[in-house]
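Written below as structure tokens is the structure these notes are about.
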Amino acid sequence: MAREIELCPGRRVGGEQPCFIIAEIGQNHQGDLDIAKRMIRMAKECGADCAKFQKSELEYKFNKKALERPYTSKHSWGKTYGEHKRHLEFSHDQYRELKKYAEEIGIFFTASGMDEMAVEFLHELDVPFFKVGSGDTNNFPYLEKTAKKGRPMVISSGMQSMNTMQQVYKIVKPINPNFCFLQCTSAYPLQPEDVNLRVISAYQSAFPDIPIGYSGHETGIAISVAAVAMGAKVVERHVTLDKTWKGSDHQASLEPNELVELVKAIRTVEKAMGSPIKQLLPCEMACNEKLGKSVVAKVAIPEGAILTLDMLTVKVGEPKGFPPESIFDLVGQKVKRNIEEDETITEQVVENHVKKVKC
């Protein structure tokens, strides 16, 4: 069983702990602080554990030509990519206000630091953990500097190979053991055939000492619920107030009613995982009493007869007698009295019966 880590104060993930659910607001707030607050409250009311944003210091994330590139998409908030990103980027003071608001309503708050300077600010902001977006997972200098901050890390693996993730593990583990990997495919929206949930199992085998989770960009909730059934200990999904809003992430995001259903379904699956021990449960007793079968006499059996298999059959009997799995054990046993055809075979009619202990 993968070890547990304390991802947020008082909230552990991994092992038998409940799945940690991250509502990824990202930049679906449209650059509007009030919408951002509404989304934080929505995440809280829907049952998510954490509201997450994306923080960039644009001149450190992009070079000049990237910021000056014309951006003519229907999702654009400006003539250039830089203008577009500046519209969606909150200031440091706005981030402080959002974090304070999240604390007031009782939900954890963090952000993906999209460059090294953003990580410096988030560290100063005292977020409970750092989220490493897929675009920085193979940015090894960034990983080293982030790991050295000493905060827990959640590392997505979109666009990466297993070889890269093994390198990431070797870099981060000696510096900061409190981290987890998320299986992720960076496509928006993500098609089911590209999800590759089996990577969760591969990660569990390759990295048995860290929690493994899932970051999904698909539509609907079924795949994310399946990820939890496969052992995902963290689930991250983009959220929105309206999928028709301008922005490339909205289509791959969950609206409030879907987020509610996702949280409910995850908690139901966690209960259903239960115990690996297979046994007759108390809740099955009523059905067993009503429909559980017993060994009965297929023919009339005289006192002193030695039971053979052709004397016996299995039916729902009254009263209850030997269960069907005992039928072969009864062969060769001697009966103490006459048994009528169709009569239940009970312990009282078998001489010196000793139950065999199953190993």
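In region 136-153, which residues are in a helix (DSSP H, G or I), out of contact with any Asp or Glu (no Cβ under 7 Å at 6 or more places or on another chain) and crowded, with 16+ Cβ neighbours inside 10 Å?
Asp136, Leu143, Thr146, Ala147
Table: residues versus (1) touching a residue at least 40 places away in the same chain (Cβ under 8 Å); (2) of a type in the set (Asp, Glu); (3) at positive phi.
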site: Cys287; (1), (2), (3): no, no, no
site: Pro323; (1), (2), (3): no, no, no
site: Phe328; (1), (2), (3): no, no, no
site: Gly332; (1), (2), (3): no, no, yes
site: Asn338; (1), (2), (3): no, no, no
site: Glu343; (1), (2), (3): yes, yes, no
site: Thr346; (1), (2), (3): no, no, no
site: Val349; (1), (2), (3): no, no, no
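Let's see how each residue does on (1) of a type in the set (A, V, I, L, M, F, W, C); (2) open to solvent by 50 Å² or more (accessible area, probe 1.4 Å):
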site: Glu261; (1), (2): no, yes
site: Ala265; (1), (2): yes, no
site: Lys278; (1), (2): no, yes
site: Ala286; (1), (2): yes, yes
site: Ser294; (1), (2): no, no
site: Ala300; (1), (2): yes, yes
site: Gly304; (1), (2): no, no
site: Thr308; (1), (2): no, yes
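Quick check on my filter: what residues within region 162-194 are β-branched (Val, Ile, Thr) and touching a Phe, Trp or Tyr at 6+ places or on another chain (Cβ under 9 Å)?
Val168, Ile171, Val172
When you scan region 46-67, do you find a residue that is within 23 Å of Ala265 (Cβ to Cβ), within 30 Å of the chain's Cα centre (by Cα) and assigned to a helix (DSSP H, G or I), even just one?
yes
Output the residues belonging to region 166-188 that are at pLDDT 95 or above and either β-branched (Val, Ile, Thr) or under 29 Å from His250 (Cβ atoms) (or both).
Passing the criteria: Val168, Ile171, Val172, Ile175, Cys180, Phe181, Leu182, Gln183, Cys184, Thr185, Ser186, Ala187.
With respect to Ala222, is the statement that it is surrounded by fewer than 17 Cβ atoms within 10 Å (Cβ to Cβ), out of contact with any Lys or Arg (no Cβ under 9 Å at 6 or more places or on another chain) and modelled with pLDDT of 95 or more true?
In short, yes.
Find the residue count for region 230-259, including only residues that are on the phi > 0 side of the Ramachandran plot and either at pLDDT below 95 or open to solvent by less than 10 Å² (accessible area, probe 1.4 Å) (or both).
Selection size over region 230-259: 1.
Sort out which residues of region 114-130 are open to solvent by less than 10 Å² (accessible area, probe 1.4 Å) and within 24 Å of the chain's Cα centre (by Cα), and write them in order of number.
Val127, Phe129, Phe130
Can you find, within region 175-219, the residue that is farthest from Thr137 (Cα to Cα) among those that are open to solvent by 10 Å² or more (accessible area, probe 1.4 Å) and charged (D, E, K, R)?
Checking each candidate, the answer is Glu193.
Quick check on this structure: which one of Ala232, Ala286 is in a helix (DSSP H, G or I) and of a type in the set (A, V, I, L, M, F, W, C)?
Being in a helix (DSSP H, G or I) and of a type in the set (A, V, I, L, M, F, W, C) holds for just one of Ala232, Ala286, which is Ala286.
Determine, yes or no, whether Lys271 is under 25 Å from Glu16 (Cβ atoms) and of a type in the set (Lys, Arg).
It is true that Lys271 is under 25 Å from Glu16 (Cβ atoms) and of a type in the set (Lys, Arg).
Out of everything in region 56-113 that is among the basic types (Lys, Arg) and open to solvent by less than 50 Å² (accessible area, probe 1.4 Å), what residue ends up being nearest to Asn139 (Cα to Cα)?
If we take residues in region 56-113 being among the basic types (Lys, Arg) and open to solvent by less than 50 Å² (accessible area, probe 1.4 Å), then Lys85 is nearest to Asn139 (Cα to Cα).
Return the only residue of Ser134, Ser161 being within 30 Å of Ile223 (Cα to Cα), small (Gly, Ala, Ser) and without any contact (Cβ under 8 Å) to a residue 24 or more places away in the chain.
Ser161
Sort out which residues of region 17-47 are open to solvent by less than 10 Å² (accessible area, probe 1.4 Å), out of contact with any Ser or Thr (no Cβ under 6 Å at 6 or more places or on another chain) and closer than 17 Å to Glu255 by Cβ, and write them in order of number.
Across region 17-47, the qualifying residues are Ile21, Ile22, Ala23, Glu24, Ile25, Gly26, His29, Ala36, Met39, Ile40, Ala43.
Among the listed residues Ile40, Ile22, which satisfies the condition of being closer than 25 Å to Leu182 by Cα and in contact with a Cys (Cβ under 6 Å, 6 or more places away or on another chain)?
Ile22
Please go through region 315-329 and give me each residue that is open to solvent by 50 Å² or more (accessible area, probe 1.4 Å) and of a type in the set (A, V, I, L, M, F, W, C), ordered by number.
Val316, Phe328
The values are calculated or read from the model by the stated rules, or taken from the named source; none is laboratory data. Values in this document were obtained by computation on a predicted structure and should not be read as measured data. When we count neighbours, we look across all protein chains shown, and the Cβ atoms used for this are built from the backbone with ideal geometry, even at glycine. These area figures cover heavy atoms from the full protein model, side chains too; ligands, DNA and RNA do not enter into them. Shrake-Rupley method; radii C 1.70, N 1.55, O 1.52, S 1.80 Å.
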